[in-house]
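Structure first, then comments.
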């Protein structure tokens, strides 16, 4: 039994992460979701502590691990000025919340270091589970669309969109992007009808999510494919790109996505419509916080808000929490672990560009604990592909 668990450990972690996130989804639909009843946070916390202990014990990636540990505790530097006015109970809960929020940014790095240390033969079985879960989620979304299931509305009845029973819309956007990049890489290397079928299904399900970010990704992906992947004459490339882009625009129009954002733009301005009111959060929340900062807060942050994220744009929320030093440390970590790709790996770097841009424009991308295991597995797979 121990040998079986050791052989399929990554698969077990993936399945359990997935199961508890589905449980959280239904909890959030029917009741308020807080730390005390969030079942996934305790399981993920246990797994992360065990992985960190294992990596430190085996001295794998020790320097990176020290940076990770320092990164987690950076916010506690500015929180010390709060020590003398908080009650012990509130102080403890606040520290737990701070560590939990900042930990979301580096959780994928920890999982990546662990998964990468596994033999590729064992990772192969995990990728089969990875594919199976994507197939299940995409099928559920298509069924929800065909039968108009209110439980799986992305935004509610007033706006088009269907989400799998898994996570919030921003995190599902990244979830679908990870799946599309993985399946396209499989299609490119194996030329299998199975993967082409799965790629079509997941791509269709992702469009049904109804978010601007998904449409933007598909637009960028089409441009990437015809510029770097498909060997066609310039005229043919331009013609096919135009047809596909026209199809994406038509989908956005007939689904009502365009009308929804036109209404917001008329009421609040074009920028507010394009950013889904995040520019207002920046003006009313981000700027007042930084206005009251000391010079050292710009180095390591200083945000006492109970609600996090604040701006719903990860790059600004990261800055509020860990300052300039933390932002530099974060990008140093991900570009020396997850995104340490060969310069010739164009598909991997396309994904990196989408990840960075999406995180700059939306929330729950850099700080997505739900997508951590999926992101880690994708990056390990892309590293293996470029080495083969």
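Taking the helices alone, the chain has a mean residue ellipticity at 222 nm of -23500 deg cm²/dmol, built from -39,500 (n - 2.57) per DSSP H run of at least 4 residues and averaged over all its residues. Relative contact order of region 173-223: 42 percent, from C-alpha pairs under 8 Å at least 6 residues apart in sequence.
Spatially, region 109-170 and region 44-63 are offset by 26 Å when compared through their Cα centroids. Contact order for the chain, expressed relative to its length and based on alpha carbon pairs under 8 Å spaced 6+ residues apart, stands at 23 percent. Modelled spin labels at residue 94 and residue 155, positioned 7 Å past Cα toward Cβ, are 3.7 nm from each other.
The shape of region 237-388 comes out oblate: with a ≥ b ≥ c from the C-alpha gyration tensor, a/c is at least 1.5 while a/b does not beat b/c. Packing, as the average of other Cβ atoms within 10 Å across residues, places the peptides 197-205, 237-245, 219-227 in the order 197-205, 219-227, 237-245, highest first. As a calculated quantity, the FRET efficiency between residue 264 and residue 293 at R0 = 30 Å, using C-beta atoms, amounts to about 0.45. Could you check how many percent of all C-alpha pairs in the chain are farther apart than 27 Å? So the pairs more than 27 Å apart make up 52 percent of the total in the chain. With the simple spin-label model, which puts each label point 7 Å out from Cα in the Cβ direction, the residue 9 to residue 331 separation comes to 3.4 nm. With both labels modelled 7 Å from their Cα along Cα-to-Cβ, the residue 219 to residue 386 distance reads 2.8 nm. Placing a label point 7 Å from the Cα of residue 124 along the Cα-to-Cβ direction, the residues of region 368-388 whose backbone N falls under 19 Å of that point are 377-388. Compute the separation of the alpha-carbon centres of region 328-388 and region 265-302 and state it in Å as a whole number. Result: 26 Å between the Cα centres. First check a/c for region 115-225, with a ≥ b ≥ c the square roots of the eigenvalues of its C-alpha gyration tensor; if it is under 1.5, answer rounded, and if not, answer prolate when a/b is larger than b/c or oblate otherwise. The shape class here is prolate. Cβ crowding within 10 Å, taken as a proxy for footprinting-reagent exposure, orders 296, 374 from fewest neighbours to most as 296, 374.
No value in this document is a laboratory result; all are computed from the given coordinates. As the structure is a computational prediction, the values presented were derived from the model and not from experiment. Because the Cβ atoms are built from the backbone with ideal geometry, glycine has one as well, and the counts that use them run over all protein chains shown.
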